[in-house]
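Some notes on the structure that comes next.
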Amino acid sequence: MPFLALFAAVLLLGIADSMVNSYIVLFGADAAGLTPLQIGVWGSVFAIGGIAIGWWLGRLFDRRPARTYAIVVILLGSAGYVLLPRVSSFLVLLLMAATVLGAMGAAFPQLFALARSVLGEGAAGQRSAPLLRSAWSLAWAVGPLLGALVLSRGGYSWLMWTAAWVFLAAALAVFVVPRPGSVAVANSSPGGTPVLLTVGVTLFFTAMFAGGLALPLFVTRALHQQPAAVGVLFSVCAAVEVVATLGLAVVPARVSQRALILGGFGSFVCYYALTVVSSGMLMLVIGQVFRGVAIAIVGAAGIRYFQDLLAPATGRATTLFANASTAGLLVSGILSGAAVEHLGYPTTLLLCGVTAALGGIAFTLGSRRQADSRHTEKEEVHSSV
């Protein structure tokens, strides 16, 4: 029962998130009249709010695990999307991004930390990350198409309002999750903050978010496809994510998580290479297969990798990974907006592929350093014995 409630909460949160975020760039450009650079700044402010609020709540969760944190931020986001269609001032949009909308960024890590706390450190807790990540991927397979339907019938206002109601349903689902018990957490995690690993994940998500800004404009402006084609591409990607993420849940423990994650980085580089040379929907769809595999592996195996590495600080580990994702949004916002405006869509997508490759290099070096550190610790233990 606890897992089903968590699965429902993540699924509903993901559906609402994908409904709005598949079209938020087009909303900014078409409804709010923002330039690509302003859209990039707006996305960066989203990220700042999400990082600050997510980090604070992650620390609170480790000291006192509770469902309240997730419920409050989801409700704040729901209220924000109710108001969003009525806002035209760029300054007000920035203020909302830093507060009520940015707070929504803390909901994802809070739900994953809650799952690990409620389900425990055993097999169920270990499998919770990929299984719940599959719910998020499933949501992204459904949400963009649902968003396209609502957008075609009622415009951006009804899109935001519908998403707000789905967010509200997600908050109600969290109420069904049992209250987590108190956990003993060390003041500092073994090995401290894994800097290079975090940099690698940040670069991966920088490439993902920058590409997410450039791709809709590339598809609709350069390739002259309909806006609904963007939803189709995101849904294809999400469908592949579901399959790949569920596959991760049954991968034997002996298979190296490090190797899987590095394979995800490589798949992402392939996605951008295919997209840059695409001239129609077929190549774009094939590229989304590589994109879906990459996001599934890094997104699901990455969370589990960080949770295992920083155990028992579940809140800190999950928030660190999620904030690395949000930092990618922060870095990508202004840079991708400026790149699209001054360099064009193909060059921006090519730079995203280079960024993903650099992330893979950073993760390779960081994971090797962590492995060497563990080996040294084991040798010290044996020598002391």
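Any read-out appearing in this document is the output of simple, stated calculations on the displayed coordinates, not a laboratory observation. Keep in mind the model is a prediction, meaning the values are calculated, not measured. Positions of Cβ are backbone-derived with ideal geometry, glycine not excepted, and every protein chain shown enters the neighbour counts.
Quick check for you: which residues of segment 274-301 have the amide N under 17 Å from the point 7 Å beyond the Cα of Val251 toward its beta carbon? The answer is 290-301, whose backbone nitrogens lie closer than 17 Å to the label point. Against the main long axis of the alpha-carbon atoms of the chain, helix 227-249 sits at an angle near 10°. Working from Cα pairs under 8 Å separated by at least six residues, relative contact order for the chain is 29 percent. Zone of Ala79 (label point 7 Å along Cα→Cβ, backbone N under 12 Å): which residues in segment 87-105? Within reach of a label on Ala79, which here means backbone N under 12 Å from a point 7 Å along Cα→Cβ, segment 87-105 contributes 100-101. Using C-alpha pairs under 8 Å with a sequence gap of at least 6, the mean separation divided by the residue count of segment 60-123 gives a relative contact order of 47 percent. Projected over every direction and averaged, the convex hull enclosing the alpha-carbon atoms of segment 27-150 yields 8.4 nm². Dividing the C-alpha radius of gyration of segment 283-356 by 2.2 N^0.38 Å, with N its residue count, gives 1.36.
3J(HN,Hα) along segment 291-297, derived from phi through the Karplus expression 6.51 cos²θ - 1.76 cosθ + 1.60 where θ = phi - 60°, amounts to 5, x, 4, 5, 5, 4, 5 Hz, with x in place of Gly and Pro.
Using every pair of distinct Cα positions in segment 229-289, the Kirkwood expression returns a hydrodynamic radius of 12.8 angstrom. Computed from the C-beta positions of Trp56 and Val354, the FRET efficiency with R₀ = 35 Å rounds to 0.55. Treating the beta-carbon of each Lys and Arg as +1 and of each Asp and Glu as -1, no other charges, what is the dipole magnitude of the chain about its Cα centre, to the nearest 20 debye? Dipole about the Cα centre, nearest 20: 460 debye. Based on the Kirkwood radius over alpha-carbon pairs, what value in µm²/s does the Stokes-Einstein equation return for the translational diffusion coefficient of the chain at 25 °C and 0.890 mPa s? Reported coefficient: 118 µm²/s. In sequence order, segment 99-110 has phi-based couplings of 10, 5, 7, x, 4, 4, x, 7, 5, 4, x, 5 Hz under the Karplus curve 6.51 cos²θ - 1.76 cosθ + 1.60, θ = phi - 60°, and Gly or Pro positions carry x. Counting only Cα atoms, segment 230-385 measures 64, 34, 25 Å along its principal axes, largest extent leading. The long axis of helix 68-83 is offset from the longest Cα principal axis of the chain by roughly 10 degrees. Compared with the alpha-carbon gap, the fully stretched path from Arg368 to Arg63 is longer by 106.7 nm at 0.36 nm per residue. Angle, helix 257-276 long axis vs. longest principal axis of the chain, Cα atoms, 0 to 90°, nearest 10? The angle comes out near 10 degrees.
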